[in-house]
Amino acid sequence: MFSLIRRGVALLALCGFAALSAAADWPERPITLVVPWAPGGSTDILARSLAEQLTKSLGQTVIVDNRAGASGNIGSNFVAKAKPDGYTLLIGSMSTHAMNPALMPSMPFKGVEDFTPIAQMANVINTMVVNPEVPVNNVKEFIAYAKANPGKLAYATAGPGSTNHLSAVLFEKAAGIQMLHVPYKGGAPAVVDTVANQTQVLFSAGTQTLPHVKAGKLRLLGVTEAKRSPLLPDAPTVAETLPGYQLGVWYGAFGPAHMPAALVKRLNEEINKALAQPEVRARMESMGVEIVKGTPQQFAAVLRSDADRYGKLIRELGIKNE
């Protein structure tokens, strides 16, 4: 019996040593960062900035691989099925991991269980904007106008089940109003038609709306996060008018499930170091993306909390992305 115990302890020690050794030797070949959306968006720009810095610090080429489709599920599923060796990673988001599993009747992966959270990389300013023809200047005035003018306000989204859609439905519920939902095939046409006053309201990332706000083509009423953004300190939160309202959008780095802890720690440190570079931070902040720093454990807690919260809300509200 004692000999078996000694063998088990020795085997565990050997496995631990092997994991540490693998983390120390990593990387020995190029690394792939999968972005589950098309090139050109803020997630893609963040991934390419990260890849450039990691290539320098790791001494191995880091490649960005855009695998778009199915609301981010194609690229995410590719990483979920990859070997957990640190050579295939995902730049995912709140929508792919916390929303899609509740929105879609058929999912090829589990948003929490099939991935290893490595680092929460950034928070994205999510805005509530209106066309300037809408005679309101803040959230309180907007709610009053909507109640006095039923059926006159339409909100644009990138499609059923998008973060734009969930933001608006949550707002309707909290404010006790009803608006007309006008879904588009993507965020860009939703912005275009709100600027043109074909639709009047849009909840969308600042990366898409803030340039139009600066140009006077859209009016910013607030941000949807729980607290004011340091990048827009003068912009009130929607929650300052509607207590409890909150929808935050984040980007993060994931690996397949069951990655060795030592390798996850190494990757987390390298990613945090890369994102702390002044040129990376400045580039992302200019787009309304706030770089964040944290441990894998902190990111895992955020992921679990958001998956539970948004999953419950989506099911309660009956939102589907067929």
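Only residues that are surrounded by fewer than 19 Cβ atoms within 10 Å (Cβ to Cβ) and of a type in the set (S, T, N, Q): list them for the range 184-204, please.
Scanning the range 184-204 gives N197, Q198.
Any residue at all in the range 41-56 that is among the hydroxyl-bearing types (S, T, Y), under 23 Å from A257 (Cα atoms) and in contact with a Ser or Thr (Cβ under 9 Å, 6 or more places away or on another chain)?
The first filter runs over the range 41-56 and keeps only residues among the hydroxyl-bearing types (S, T, Y), leaving 42-43, 49, 55.
Then keep just the ones that are under 23 Å from A257 (Cα atoms); that gives 43.
After this cut, where a residue has to be in contact with a Ser or Thr (Cβ under 9 Å, 6 or more places away or on another chain) as well, the list is 43.
The answer is yes, given that some residue of the range 41-56 is among the hydroxyl-bearing types (S, T, Y), under 23 Å from A257 (Cα atoms) and in contact with a Ser or Thr (Cβ under 9 Å, 6 or more places away or on another chain).
Checking T163 against (1) touching a His at 6+ places or on another chain (Cβ under 8 Å); (2) within 28 Å of P243 (Cβ to Cβ); (3) buried (at least 24 other Cβ atoms within 10 Å of the Cβ), only one condition comes out false. Which one?
Condition not satisfied by T163: (1).
Among the listed residues A98, A68, which satisfies the condition of being at pLDDT below 95, of a type in the set (G, A, S) and under 29 Å from A226 (Cα atoms)? Lay out the reasoning, then the answer.
On the way: A68 fails: under 29 Å from A226 (Cα atoms).
Only one candidate passes the filter, namely A98.
Quick one: how many residues across the range 20-47 are touching a residue at least 60 places away in the same chain (Cβ under 8 Å), open to solvent by 40 Å² or more (accessible area, probe 1.4 Å) and under 20 Å from S93 (Cα atoms)?
Selection size over the range 20-47: 0.
Within the range 245-272, how many residues are open to solvent by 40 Å² or more (accessible area, probe 1.4 Å) and closer than 30 Å to P211 by Cβ?
Of the residues in the range 245-272, 1 are open to solvent by 40 Å² or more (accessible area, probe 1.4 Å) and closer than 30 Å to P211 by Cβ.
Given the conditions (1) under 16 Å from the mean Cα position of the chain (by Cα); (2) open to solvent by 20 Å² or more (accessible area, probe 1.4 Å); (3) at pLDDT 95 or above, report the number of the one that T207 does not fulfil.
The single condition T207 does not satisfy is (3).
Any residue at all in the range 215-226 that is among the hydroxyl-bearing types (S, T, Y), without any contact (Cβ under 8 Å) to a residue 40 or more places away in the chain and not in a helix (DSSP H, G or I)? Step through it out loud before you land on a result.
The initial filter retains those residues of the range 215-226 that are among the hydroxyl-bearing types (S, T, Y), namely 224.
This time we only want the ones that are without any contact (Cβ under 8 Å) to a residue 40 or more places away in the chain, so: none.
No: zero hits.
If a residue counts only when it is surrounded by fewer than 17 Cβ atoms within 10 Å (Cβ to Cβ), which helices (runs of 4 or more DSSP H) contained entirely in the range 48-156 have at least 2 such residues? Walk me through it before giving the result.
Values: elements: 73-80, 100-103, 139-148.
Here the list reads 139-148.
The values are calculated or read from the model by the stated rules, or taken from the named source; none is laboratory data. All figures in this text were calculated on a predicted structure; none of them were measured in a lab. Glycine also receives a Cβ, built like all others from the backbone with ideal geometry; neighbour counts cover every protein chain displayed. The accessibility values were calculated without ligands, DNA or RNA, using every heavy atom of the protein model including side chains. Shrake-Rupley method; radii C 1.70, N 1.55, O 1.52, S 1.80 Å.
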